[in-house]
1. Taking the range A:157-190, which residues are open to solvent by less than 20 Å² (accessible area, probe 1.4 Å) and either within 14 Å of chain C (Cβ to nearest Cβ) or within 16 Å of ligand 1 (Cβ to nearest atom) (or both)?
2. Does the range A:56-65 contain at least one residue that is of a type in the set (Gly, Ala, Ser), within 14 Å of ligand 1 (Cβ to nearest atom) and surrounded by 20 or more Cβ atoms within 10 Å (Cβ to Cβ)?
3. Can you find even one residue in the range B:62-85 that is farther than 25 Å from C:Val428 by Cα and at pLDDT below 90?
4. Which one of A:Val86, A:Val44 is more than 10 Å from every other protein chain (Cβ to nearest Cβ), modelled with pLDDT of 90 or more, within 16 Å of ligand 2 (Cβ to nearest atom) and within 28 Å of the chain's Cα centre (by Cα)?
5. Within the range A:1-32, can you find the residues that are within 16 Å of ligand 2 (Cβ to nearest atom) and either buried (at least 19 other Cβ atoms within 10 Å of the Cβ) or away from every other protein chain (no Cβ under 14 Å) (or both)?
6. Return a yes/no flag: does the range C:424-439 have any residue that is aromatic (Phe, Trp, Tyr) and in a helix (DSSP H, G or I).
7. Based on this model, can you work out whether C:Asp491 counts as open to solvent by 20 Å² or more (accessible area, probe 1.4 Å), without any contact (Cβ under 8 Å) to a residue 40 or more places away in the chain and within 14 Å of chain A (Cβ to nearest Cβ)?
8. Just to check your reading of the model, which residue among A:Glu79, A:Glu53 is in the same structural domain as A:Arg109 (by TED's automatic domain parsing) and away from ligand 1 (no atom under 16 Å from the Cβ)?
Amino acid sequence: MAGVELREVSRSFGRHTVMEGLSLAVRDGECFTFLGPSGCGKTVVLRLIAGFERLSGGAISIGARVVSDPARKVHAPPERRNVGVVFQDYAVWPHKTVYENVVYPLVIRKVAKGEAAERAAQTIRDVGLSGLEARLPYQLSGGQQQRVALARALVSNPEVMLLDEPLSNLDANLREEMRFEIKDLQRRTGVTILYVTHDQEVALAISDRMAVLDARGRVRQVGAPDTIYENPGDSFVFSFLGVANFIPVERRDGLDFVRGTAVPLALPPADGGARPAADRLVAGCRPTDIALSPASSGDAERHAAGVLKRAVFLGASIDCRIDAGGTELRVLQDVGAAERAGLVLREGEPVAIRLHDVKWFDAAALAKEGLR
Amino acid sequence: MKRKNAVVRGSIIGMALAVAGVAGLAGAANGAEKLMVYTSMKESLIGKLRDEFQKRHPEIAFDYYSAGAGKLMAKVAAERQSGRMTVDVLWHSEVPDFYALKRDGMLEKYVSPEAQNVRSPVKDPDGFFTPARLGTLGIAYNTKKVAVPPKSWPDLLDARFRNGLGIANPALSGTSFVSVSLLVNTFGWDYIQKLRRNGALVGQGSGQVVDDTASGDLLVTLAPDYIAVEKIRKGANLGLAFPKEMLVIPSPVAIVKGTPNRKAAEKFIDFLLSKDGQTIIASTGTLPIRSDVALPKELGLASTEEAVGRAMKLDYLKTMAEKEAILEKFDAIMKAK
Amino acid sequence: MTGASGPSAPAGAAGNGPRFGAAEVLLALSVVVLVVVVAIPVLLIFWTALVVDGSPNVKEVLAILRKPDTYEALRNSVVIAAGVTFFSTIIGVFFAWLVSRTDLPFKETMKLLFLVPFMLPSFIGALAWKMLLSPRSGFVNKALAGAFGLDGPVFDIYSLGGIIAVETMYLFPFVFIQVSGALERMDPTLEESARISGAGLLTITRRITLPLMLPSIAAGALLVALYSLSHFGVPAILGTEVGIYNIPTKIYEKIHQSGGSFTAIRTGTILSSILVVAAGVILWAQSLLLKAGRFQVISGKSMRPMVLKLRGLKVPLLILSILYILVTVVLPTVTIVLVGTLKTYGVSFTLSNMSLDNLKYILFDWKMTRDAIWNSFYLSLGAAFVTMLVGTLISYVIVKMKVRGKFLLEFLGVLPFSVPGTVIALGVILMWSGKFGVNLYNTAWIIFVAYVARYMAFSLKSNSAALEQVHDSLEEAARASGATHWQALRDIVIPLIKPGMVAAFFLIFLPALRELTTSVLLYGPTTRTIGVAIYTLNEDGETVYAATLATVALAIIVVGQVVIKRITRTTVPGDQA
Ligand SMILES: Nc1ncnc2c1ncn2[C@@H]1O[C@H](COP(=O)(O)OP(=O)(O)OP(=O)(O)O)[C@@H](O)[C@H]1O
Ligand SMILES: [Mg+2]
């Protein structure tokens, strides 16, 4: 097994630069996720690592071996990089049976017939496709094809597996199931996994560490999922990891108000000195980190007030949209908790708002991201 | 799986066929002695000669290319330009061409031991070419549409042949060119003009105008004897008439300069001029160049001696010099409305 | 194949990689093939036409163009192409509409029947029509004259009108296919909404349907124009006899009658240059139209189109359609077959005059015809196979590969589509007659090279369509599995595009089997093809044998079609995701 290191990697297509100076080190045996918006260059990174694309600059090494380094005219072809690739569209060969698909990497590597058959069968079992060996791809469901692709990438014990949004075409249940299976496989085999997705949920669930890329292919933050979720480095990361409320805040007379209004904000008591000193601040807040109560409940002076414009029942929770002095907030109310506390609100009702957890951002930086 | 087998089998068959194809391209017969004769004689004549010749000389890979003299000469010229000569022996009826080839040093001199028996209105004293057949052209007519056959050349100006006379294109057919030249030499351009005024048409090759006459598309045409005879024998609605002034056109045979197959070429010419060869020629309904060969009685052909006597005269050297002009003048007359 | 003799490839420039990999080799190879097989011959034609003794000479070009016979050939080509295009369009659109937008009985069968004229080589059709409609002896003319006691002929097939009529009969399917396909895929809601807003059927047809179909109609019409402009067979059989020449027949006459003199070749190249330019303009117009035609009228799903009830016209129109097929396909075929059994042309069709002797003769006894059949067979087989492979290679580079210098190949790849057969033949003569060290004159190879050039377009079309279906990731998955580029090609790409390759093979093999336009300029004493043999037999007045050989050709074509149906059915895999 091996780690992957990208040093100052750049790639442009003609005049269009997809990424510039990207540096990252993926550790041996970890499941590392690239998370970023569509078109940010995730696929390009994987293709650069796999060797399907050539670098414009920088270098890539897998393990101790430099596989791409245009400056030194190094470019190992894909077949000599010992990586397994699972493509966004599976790329299962339609003219080969499940077994033929899976055994192919072994045949190409001239593994002895008996051993190849043994290993292919084992891998097919591992991904749960036993019994379907003789089927042709068109006789398989999307999820099954997905597993064939996985098995084919795994069968030759690659040092690194590259997965490009392999779950995006699956339904919610299957996606979850496959997510666990990939994680499980990685734990069992110890293979290094590079996983590309724009789906933060998958990224959070599957990664040991992850990198968040912005639309221009720059790395915004690298770290463990919980660290990134809890301590987003900037507003982009914060918003990309889930629905985010941004409330412009104004400090008057030592009190915080929603900017330009007389609506005071109730902030959690311990916002822990993280608050920057700037005047024009924005408070970032997840929908689950806001508590609502009827405005009549007495503490209206202490808490910001707004109007419940719309409430959508989602089963376990209620998705509420609140108008707080012209700023729209999204709040997720837990149905059980709300019922127990008798806090079921009706549309049009004035509500009091309390923020549990706040991340502070500089308004100017936020404007630059185009988030507000 | 079954489908896959079909694919595999299909592609194997495909490959095998393709290999056969490419092999066919590459595999030219590699006989020791080869001979390629370019001739304006039709299959019915040259085919029979080939069969006989092959019986005598199985060691020679004999082949021929049969087309109108115009095409043959174009081919020869093109071969000359490209430097890749395929032709060994040339045998057609456009006598002036042989004078031209001789002048251009394109022919090998060869005097066959059989040459002394040749009777012909044309001979090359230097031995570069030798007449191997006396072609005659008669007036072929459609027996269903023409009740009374034309007897003389002026008969063709008759109103009953209006729009019904066809002449093969002299630019394509050697016999036709010489025939036109003979008629012009004997009766003047005036005669051609009158023919045109009576609606005479230019057809394509000399065979096609005969077929057109047999089918009734034309009423009368100038027809090489053996072509008409073959069709008459097969039952075509054709008759053949010979006016007093006969169109007699020798078809010279010659060896092309620089041929690597000279020996085979000589053997072929010897055979052609031999009594056996001439007997075959006579049997197809054309005149032999030897007087010791009998003609099939039922055709009513004039004997070789008689034909030579009745033949219209022509200065071939002069005709050769004027060939372009003659063709152009003929073309202009026939295109006029 | 031909590479050894060609100019060295501009390969060194390609690719920024450290190695000279498969990509660069493939690109270089493709470029070399196209340059040698198509580009140089075409350039030689322009060069020969425009340059005399190393300097351009426009004056002489104009002088040659002003000569009455060249000028007339040009005019006739245009008149014929215009006429054929006009009538093919009308007939094609009418029948397309009939089988896709009316309740004509047996529509599906009729749709197939209207494609049959495509199978009949048009020069064989011309041969048949000559027998049926030649002024005095045509069977139909004779019958009519007999029935009505007429004096002169009713029809004269030896005329511009006759040529246009015969070509139209066999070319209208170009339009028919395009238009009926588009009519079927047209979104019916467009018409329905017009109907809801109160428009009558005629108005809908005129204001909605026709305008929407215009790109397809034009695309079909341009194909017809392109084909007719450079078509040899029909004008050669029906025109030359009465002095009507078009460009290809004029070139043929020049090459075959003027002793291969330089002026003749030059006239040929000048006429050819005009053909190339005309073809280029037509193709350019077509690509514009096809682009314009891509607006959203055509939906992928199959829909139930609005169907016009023919009511009382149902039976008459069905009879008209059947009659059309009978007259254009059955009647000529029967004529050819029957004439092919006659002892000699002009005798009546009585049993005593008919036999299979001719068939036996041309199949077994006559070396010329036997050779012709064999020549055509192996030439088309070899050309189809090689062209298919080379086309696969070139399409692969164009569709799939990322390699510097590809634009050059993309440009060259368009060439085969715009070079008419006559031009190819002439170019091939200029190129392969020893001037460049290789002399293929009079050999089968020169025809082979011409076929490869002539049918490259078919192969490129079929192969690139197949390749576009194969997603890049399939090949990359193989690379990631450890396969080299070659192994990925062998194991993944080629098996997946095999149906396209098989289609390309037959798309070339069958037309090549009956090819005339190109081979008639290239054949040598031992390299006649079936098409050439039929044509020269007819020219030599061996009408009966021409008909017999044509019968054989028709039989081969029918058998070939059946075999294709079989093979393509077994090779096209069911449902490839
Ligand atoms: N071959 C190419 N030529 C030109 N531009 C390219 C090429 N491949 C990718 N790009 C560009 O690079 C950028 C990144 O593409 P990439 O496919 O990596 O996006 P992505 O992050 O994978 O997006 P998605 O989540 O939609 O798959 C895009 O702007 C794309 O247009
Ligand atoms: Mg992507």
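1. A:Pro158, A:Val160, A:Met161, A:Leu162, A:Leu163, A:Asp164, A:Glu165, A:Pro166, A:Leu167, A:Leu170
2. no
3. Yes - at least one qualifying residue is present in the range B:62-85.
4. Going through A:Val86, A:Val44 in turn, just one is more than 10 Å from every other protein chain (Cβ to nearest Cβ), modelled with pLDDT of 90 or more, within 16 Å of ligand 2 (Cβ to nearest atom) and within 28 Å of the chain's Cα centre (by Cα): A:Val44.
5. If the condition is that a residue be within 16 Å of ligand 2 (Cβ to nearest atom) and either buried (at least 19 other Cβ atoms within 10 Å of the Cβ) or away from every other protein chain (no Cβ under 14 Å) (or both), then A:Arg11, A:His16, A:Val18, A:Met19, A:Leu22 are the ones that fit.
6. No, the range C:424-439 contains no residue that is aromatic (Phe, Trp, Tyr) and in a helix (DSSP H, G or I).
7. The answer is yes for C:Asp491.
8. On inspection, the qualifying residue turns out to be A:Glu79.
The values are calculated or read from the model by the stated rules, or taken from the named source; none is laboratory data. For clarity, every value in this text was computed on a predicted model and none was experimentally measured. Heads up, the Cβs are rebuilt from the backbone with ideal geometry, glycines too, and the neighbour counts pull from every protein chain shown. Please note that ligands, DNA and RNA were not included when accessible areas were found on the heavy atoms of the full protein model with its side chains. Shrake-Rupley method; radii C 1.70, N 1.55, O 1.52, S 1.80 Å.
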